[in-house]
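The block underneath contains the structure these notes are about, expressed in structure tokens.
Every number in this text was worked out from the coordinates using simple rules, so none of it is lab data. On a predicted model such as this, the values are computed, not experimentally measured, just so you know. As a convention, Cβ positions derive from the backbone with ideal geometry for all residues, glycine included, and neighbour counts pool all protein chains shown.
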């Protein structure tokens, strides 16, 4: 009975630790949303907004204690997350911002190229360049889809 009891206590401790982590994650995510750094909000931002979000995340990465202050001011009963846990979340948010910047740059450049291609008078050249653009758009869409899958898997593995 002693080993069974011991195993149950360890399982209970692991379960409680996971619940605490989930609760901390929800608190951190809530604070990030309040400060304009929620995932859904970032996905809808333009270049200027992404730059501000990038600077905010970098400031939080450099001085995570400023985020701790935000957490404790918001809810004095909440536990302050360990630095590694918080940094992991902030680094993932930074990756998301960089991915959005990359996506916007590609979209902008592709639009410019499409406009330029329309001005090409030689039909063969125009068609060849249009095919290249189509392939680039497809590649970009595929890579973004796969990147999102990786981010989702990272989140699941992190839990």
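Highest mean packing first, where packing is the average number of other Cβ atoms within 10 Å per residue, the peptides 40-47, 150-157, 55-62 line up as 55-62, 40-47, 150-157. Using a simple spin-label model with pseudo-atoms 7 Å out from Cα toward Cβ, residue 118 and residue 140 lie 1.7 nm apart.
Look at 122, 82 and count the other Cβ atoms within 10 Å of each Cβ; fewest to most, that gives 122, 82. Of interest is the spacing of the C-alpha centroids, which for the stretch 85-102 and the stretch 27-50 amounts to 11 Å.
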